[in-house]
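Step one of this worksheet: look at the structure below.
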Amino acid sequence: MRKISFFLIATFWMIVGASLTSWALDLDSETLAKLKAELKKELREEIKKELRDEIKQELQEEQARSLKEAFAREAEAEHARHEEPLITYERGEGLAINDQRLVFRGFGDVSFGAQDDRNGPKDDHNQFAVGDFDLFFNTRLTDRISGLGEIFFEFGEDGELVTDFERLVIQYSLRDWLNLSAGRHHTPMGYWNAAFHHGKFFQTPIDRPLVVEFEDDGGLLPVHALGVEVFGKKDFRLFNLGYSFDISNGRGPGIDVIQNSKDFNDNKALAFQVSLSPNPIPGLRIGSNLYLDRIPANRDVPGGTRRIKERILGGHLAYLENNWELISEVFHIQHKERSLSKKFKTTGFYLLAAYQWNKFKPFYLFENINFDEGDPFYAPNDSDRSKHAFGLKYDLTLYNNLKFQYSYIDGDDKDSHLFQFATSFSF
């Protein structure tokens with residue numbers, strides 16, 4: 001009886017299972033076309049998304065490469081290499097007017113800053129500002145002769161528009177290792193001064209480090225020079241060697257005086273720089289520089305300085321590879337006034353570390369200025385200071401970037417917290 005009951009129960013469930021299976025098969029048969037269509041649609045969307053992500057990544061990488069290439073071109077603007085054989089020109093011979101090339105670039109920025117001063121005199125503020133507007137152009141007259149110019153517009157503290165002719169250079173390129181330029185140019189002194197012009201578009205932080213800041217913005221170095229420069233490069237198996245030698249009018253009697261039309265004394269400033277790029281470590285550059293000058297006496301100010309002997313020793317290290325930007329420079333500045341026996345020594349240093357990740361570039365900047373008390377040339381603006389800056393640069397497009405930066409400034413007379421935002425563009 002139990003066997004019969006078990007057989008009946010098993011038979012019943014087999015019939016039920018067969019019925020359900022038959023119903024499921026009928027259902028699949030009815031909806032198969034619909035399911036296939038839905039699956040195809042889902043697959044299409046997935047493929048589109050994957051392609052969209054892949055194309056987006058390729059565009060971001062292409063943009064990063066373009067920015068890097070543009071940066072490299074600007075960094076080598078004054079040390080361009082020419083691989084064509086030497087060409088000689090007769091009097092009046094040159095490129096036809098249609099073959100002459102004029103490259104014109106413009107750079108500008110707009111910023112906002114909020115400063116909080118503590119532990120000293122308060123001069124804090126928050127304000128919008130129209131930044132610098134820089135017009136940069138170069139042209140070639142022949143395959144070996146080129147010209148370069150840079151005009152700079154800015155608003156002074158009184159709100160008046162100021163126009164400066166920052167650079168005007170004619171260059172003769174004879175060989176890779178032998179080039180000659182004449183005019184007003186950037187003094188061959190360190191890395192930053194050769195790699196970056198007045199437009200802030202290419203530089204990572206919002207402002208230049210103080211030690212390499214321009215003369216009229218409180219910088220410590222003779223950033224500009226009017227004279228003649230000989231420079232070149234030579235490639236060896238293990239490294240590439242670069243050099244620059246400059247003879248110029250040198251500094252004027254004040255820190256912001258550039259001797260454009262005359263020399264206040266008969267002495268000429270001498271500048272020499274050498275750099276080395278080891279081939280086993282792509283992107284690395286190490287260099288050193290020496291600057292000698294006799295600064296003329298400042299008779300325009302009561303109790304002004306007498307003639308000062310100046311010597312500047314500097315060294316730099318830069319690594320630009322694998323999305324890294326590491327730049328560091330140190331300068332040792334020595335002044336000796338004719339009437340004084342003491343030598344005044346000032347040291348300036350900075351370190352910039354940044355990493356490019358797609359369109360984002362976080363960075364850290366540290367800088368330190370240590371004045372020797374009583375330096376007759378820098379006084380009264382000779383307060384020691386150190387600065388820590390953290391920021392982010394975002395490449396909105398190939399020709400526009402946004403920068404956010406927080407800085408803590410530790411000075412002799414006060415401490416400051418500075419929040420900044422800037423948008424820089426190029427055309």
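Bear in mind that the values in this text are calculations on the coordinates, not laboratory data. Only a predicted model underlies this, so the values are computations on that prediction, with no experimental measurement involved. Here the Cβ is made from the backbone with ideal geometry for all residues, glycine too, and neighbour counts use every protein chain on show.
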Sole exception among (1) crowded, with 16+ Cβ neighbours inside 10 Å; (2) under 25 Å from Asp256 (Cβ atoms) for Gly374, by number: (1)
Which listed residue is surrounded by fewer than 14 Cβ atoms within 10 Å (Cβ to Cβ) and in contact (Cβ under 8 Å) with a residue 24 or more places away in the chain, from Leu238, Leu270: Leu238
Selection count, the stretch 177-217, where residues are surrounded by fewer than 22 Cβ atoms within 10 Å (Cβ to Cβ), in a loop (DSSP other than H, G, I, E, B) and of a type in the set (A, V, I, L, M, F, W, C): 4
Subset of the stretch 341-356 (residues that are touching a strand residue (DSSP E or B) at 6+ places or on another chain (Cβ under 8 Å), over 25 Å from Phe201 (Cα atoms) and part of a loop (DSSP other than H, G, I, E, B)): Lys342, Lys343
The lone exception for Leu365 - which of (1) closer than 30 Å to Gln57 by Cβ; (2) without any contact (Cβ under 8 Å) to a residue 60 or more places away in the chain; (3) of a type in the set (A, V, I, L, M) it fails: (2)
Residue pairs meeting the criteria (Cβ under 6 Å; at least 6 apart or on separate chains; first in contact (Cβ under 8 Å) with a residue 12 or more places away in the chain, in the stretch 206-234; second of a type in the set (Lys, Arg) and part of a strand (DSSP E or B)): Ile206/Lys403; Pro222/Arg251; Leu226/Arg184
Within the stretch 391-420, considering residues that are surrounded by fewer than 14 Cβ atoms within 10 Å (Cβ to Cβ) and not hydroxyl-bearing (Ser, Thr, Tyr), the one farthest from Phe366 (Cα to Cα): Leu398
Condition check for Asp246: buried (at least 17 other Cβ atoms within 10 Å of the Cβ) and of a type in the set (D, E, K, R): yes
Residue that is farthest from the chain's Cα centre (by Cα), among those in the stretch 372-414 that are closer than 20 Å to Leu220 by Cα and among the aromatic types (Phe, Trp, Tyr): Phe377
Among the candidates Asn323, Asn260, residue that is surrounded by fewer than 17 Cβ atoms within 10 Å (Cβ to Cβ), touching a residue at least 60 places away in the same chain (Cβ under 8 Å) and more than 27 Å from Tyr350 (Cβ to Cβ): Asn260
The lone exception for Leu174 - which of (1) in contact (Cβ under 8 Å) with a residue 60 or more places away in the chain; (2) loosely packed, with under 15 Cβ neighbours inside 10 Å; (3) not acidic (Asp, Glu); (4) not in a strand (DSSP E or B) it fails: (4)
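Here are Phe112, Phe152: which of them is in contact (Cβ under 8 Å) with a residue 40 or more places away in the chain, of a type in the set (Phe, Trp, Tyr) and surrounded by fewer than 18 Cβ atoms within 10 Å (Cβ to Cβ)? It would help to see each step written out before you state the result.
Values: Phe152 fails: surrounded by fewer than 18 Cβ atoms within 10 Å (Cβ to Cβ).
Sole residue among the options that is in contact (Cβ under 8 Å) with a residue 40 or more places away in the chain, of a type in the set (Phe, Trp, Tyr) and surrounded by fewer than 18 Cβ atoms within 10 Å (Cβ to Cβ): Phe112.
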